[in-house]
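Please read the structure below before turning to the comments.
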Amino acid sequence: MRHTLGTIAEKLRGRVLGDTSVSLSGIASVSSAAAGSLVFIEDANNLERALASPAAAIIVGEFAANAAATKPLLICAHPRLAFARAAELLHESDGQLKTIHASAIVAPSAHIGGNVAIGPRAVIGERVSIGDESTVGAGCVIGDDVEIGAHCRLDPNVTIYSRTTLGHRVVIQGGAVLGSAGFGYVRDSQTGRYEPFPQVGQLMIEDDVEIGANSTIDRGALDETRIRRGTKIDNLVHVGHNVQIGQDVVVAAQTGLSGSAVVEDNVIIGGQVGIADHVRIEAGAILGAQSGIPSKKTIRGKGVVFWGTPARPIRAYLKELAFLSRSARKAGG
Amino acid sequence: MRHTLGTIAEKLRGRVLGDTSVSLSGIASVSSAAAGSLVFIEDANNLERALASPAAAIIVGEFAANAAATKPLLICAHPRLAFARAAELLHESDGQLKTIHASAIVAPSAHIGGNVAIGPRAVIGERVSIGDESTVGAGCVIGDDVEIGAHCRLDPNVTIYSRTTLGHRVVIQGGAVLGSAGFGYVRDSQTGRYEPFPQVGQLMIEDDVEIGANSTIDRGALDETRIRRGTKIDNLVHVGHNVQIGQDVVVAAQTGLSGSAVVEDNVIIGGQVGIADHVRIEAGAILGAQSGIPSKKTIRGKGVVFWGTPARPIRAYLKELAFLSRSARKAGG
Amino acid sequence: MRHTLGTIAEKLRGRVLGDTSVSLSGIASVSSAAAGSLVFIEDANNLERALASPAAAIIVGEFAANAAATKPLLICAHPRLAFARAAELLHESDGQLKTIHASAIVAPSAHIGGNVAIGPRAVIGERVSIGDESTVGAGCVIGDDVEIGAHCRLDPNVTIYSRTTLGHRVVIQGGAVLGSAGFGYVRDSQTGRYEPFPQVGQLMIEDDVEIGANSTIDRGALDETRIRRGTKIDNLVHVGHNVQIGQDVVVAAQTGLSGSAVVEDNVIIGGQVGIADHVRIEAGAILGAQSGIPSKKTIRGKGVVFWGTPARPIRAYLKELAFLSRSARKAGG
């Protein structure tokens, strides 16, 4: 679909300085822009470079409202957000019919919605339901009794264990494993051997959740693991059994959450963070990369950044680092 | 199969207070219990809640032997262990015949035991042997000359490289990769380029080992990587080439063991621990989450908890943290 | 193919002490050597053990030039490198014809080079090109418009997203995911919800790069992610969008590189290292295991080892650790 700057501006509720009839073919960065590209900048320092690029138009903030511009400008309150939304409009697929590949193996009892795509070699188990407009990539294995909502996208080679539930608009990237058995054993004190504790619960993933490549999310032991609406999880993240993650939480790559951890809404978690079992991270806290929260601790403080292992408020932690560096230099002197 | 509290009690060698003829349909947590559920509690504080639930019966310890109970109680020395075993009895499959899916690709030279299940699209290489009652999930790829024992369970999309050996009752969760080439290179000092060191060894996994989703275990370089009887490994764990892990070791999620590390029996390793090359962890040591053991070090101390990087006994480490916090506060004052 | 010590010595440009006509069947470690094995040692201490083994011949350094040897010795300047190269010669396949398995699904528009192997159930998308002598393992999913050079090896169950480019002699181990969408969102300050920032860039992997099992490499957001010639990446490593990794870099297992990080040539990165967004690691630096580099920092120092979080030169870091340990002991007095 071909768009003009004017139609995009209308949908983004921005105002155009210059020619609204410019035709746009897609989005790009300033450095990779071609004729027809829509680009964005977030401060006045980059305006000159953007104007010198071959881009057709530039999304800017109010900071550029009085600039002498040789290209049309689209002024928006939040240029990055406007650019992200413009990208969706410009790259929207044109409603082509999706198909179920002949090599996919779909159980007869599965219920497949309208305009669903199922890739080559995907395996869909008994009584699975898949909502309208969803896509299941090549090589995915979907266990029995899984529910997948509408407008979901499962990339290739995803594994979903039986009885997992996904809401609408959920995105799962390649190789992720959802609903695997949690890590729970009971040691027989007489033999010293570990015996499996039952892992018969479920995994519930709510609307608009996204999960990165090769991440693993265990199902509940007796109850459920739940990831709430809008939470975004990066690659190679581990979520243990019975974990509860709130709404609009961000979890960066290679972080691990142990069994029964609770993360409330709007928390931001950096990469390689370790959250032990039965920890609670209260709403709005921010955990710096590689920090560690010991078993059963509660982290409290909306907007407060925590860092280190055991995690403490970053101000205190930086003071400790400075004291240590100073003292060691002195002592070593 | 339908069980009564009496038949379960007999198999667990527990004693029943109350009606032994109660019929049980499965296990549950107290909060998710339904009529027919068997639940367990580990201390007297939870007895009232369990009695108020819809559960049919409760596994308890001796602490409840004199309680006024409105439900039948099953008294066991170790309620959690008894519950785990009851779960196996109650959820035991009823011996249904397993099948090899028509879409599986099984090499003619493979030797498949009795009552083996092979899922859709699984690929079984030349001269593979699979023992009785084992299950290979959809999308698994089993290389040539792999040996898999009896009663094993491989979940979907597992990859096993050629010549890997698995004992009996081994469980491998979805997406795990076993027997991949280790990370070994030799640098040519003249060109500065890395050339691969041969990775022609094997991976041996002994009986009752369990390996979590998307974990990776490399084969030996020239010799073997070996994981001994009863060891349990969580999700996203990395085990390098030539590593030796003893019996009944527990390794939590996202931990990594570098090449030629040795872990003796009964060690407990937390999540995100890093064990460098040629490290030795002696029997019974406990490594706290995120701790790190530098190259070639030995960790010694049965039942001693080590923490930090480089890992030290936790008492010493906590003293250091306390000193640092105190001193920095004072200095900053 | 059968080799003698003489033909191997000629190719390695080493000199033989003893019988050059000895026939070699393969390489081995000293402890696993059989009759016909070629082994190597790097110092004189191991010579006696090697001579006592059943090996047919031993690669040694000049240190053994005057030894009284009961087996033929092959003297090379760099025994480990010579052994690695001997392994390639001895284990070279004898040019057997590779085939495309009947169950592979290859798009008609794909261009497959000469003597390419494609394993069972692999899926090759539209307009993919695969160079001569390359191998694609069972269960791999290769998206549309992917380019794969000559002599590449993709192990089973690898996922490659659309438009990714691989050079020649690239090795990708099982379960790795290449070209997935990066972790980029824009928060709408009014609703508090995260919306996806466009991830429409590419992933470029240059010649001789090797990537370990279950690693994940994201494509660029608007531009590209690039891994340059000769870089080796271990298992379970995460590489974020827009990352640039130079030539001959080594990255050990479970390390993570966040978005837009730059790693220059010849850097060595240990296991479980965390590199935040927009970090620059200058040429030749060495990052110790588990170290962490905060956002936007530059690490400089050819041959200097950095350790800790935030990473500092290891000498300073070890002094801090020593000071802390000493002071805490004293204070705890």
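FYI, it's all coordinate maths here, none of it is from the lab. Since the structure is predicted, the reported quantities are computational estimates derived from the model, not experimental observations. Every residue, glycine as well, gets a Cβ built from its backbone with ideal geometry; the counts of neighbours run over all protein chains shown.
One table, with the values for the structure above:
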read-out	value
With 10 Å bins from 0: P(r) over the stretch C:77-200, alpha-carbon pairs, percent	13, 36, 22, 16, 9, 3, 1
Copy-to-copy label separations for B:Glu88, where each label sits 7 Å from Cα toward Cβ, in nm and ascending	5.0, 5.0
Fewest-first sequence of B:Ser295, A:Ser134, C:Ser29 by Cβ atoms within 10 Å of each Cβ	B:Ser295, C:Ser29, A:Ser134
Shielding by partners, peptide C:183-196 (average Cβ within 10 angstrom, other chains)	6
Per-residue mean of C-beta atoms belonging to partner chains within 10 Å, peptide A:103-112	2
Chain A - mean residue ellipticity at 222 nm from DSSP helices (-39,500 (n - 2.57) per run, n ≥ 4, rounded to 500)	-4000 deg cm²/dmol
Computed lengthening from B:Thr99 to B:Ala68, 0.36 nm per intervening residue step minus Cα-Cα distance	6.2 nm
Order of A:Ser53, B:Ser325 under a 10 Å beta carbon neighbour criterion, fewest first	B:Ser325, A:Ser53
C:Leu89-B:Glu42 pseudo-label distance in nm [points 7 Å out on the Cα-to-Cβ vector]	6.1 nm
In the stretch C:256-302, trypsin sites (Lys or Arg not before Pro) in a DSSP loop with at most 14 other beta-carbon atoms within 10 Å	C:Lys296, C:Arg300, C:Lys302
At 7 Å out from Cα toward Cβ: C:Arg315 inter-copy label distances (nm, ascending)	3.6, 3.6
Nearest-0.05 FRET efficiency for A:Ser162 and A:His111, computed from C-beta distance (R0 22 Å)	0.90
Nm distances between copies for B:Arg329, ranked from closest, using label points 7 Å along Cα→Cβ	2.6, 2.6
Using alpha carbons only: equivalent-ellipsoid semi-axes of the protein assembly as shown, gyration tensor based, whole Å	40, 40, 33
Per-residue average of Cβ from other chains inside 10 Å of B:273-280	3
At least 20 Å along the helix axis (C-alpha) and Kyte average at least -0.5, DSSP helices within chain C	C:314-332
Euclidean distance between Cα centres, the stretch A:1-70 to the stretch C:279-333, Å	44 Å
Listed peptides A:262-274, A:101-113, A:143-155 by packing density, highest first (mean Cβ within 10 Å)	A:262-274, A:143-155, A:101-113
Along principal axes, Cα extents of the stretch C:105-315, largest first, whole Å	56, 48, 22
Sparsely packed trypsin sites (Lys or Arg not before Pro) within the stretch A:1-70, loop by DSSP, other Cβ within 10 Å at most 13	A:Arg2, A:Arg13
Within straight-line cross-link reach of C:Lys232, lysines at Cα separation under 30 Å, skipping those fewer than 8 residues along the same chain	A:Lys232, B:Lys232, B:Lys296, B:Lys297, C:Lys11, C:Lys98, C:Lys296, C:Lys297, C:Lys302
A:Arg169, B:Arg219 arranged by Cβ crowding within 10 Å, fewest neighbours leading	A:Arg169, B:Arg219
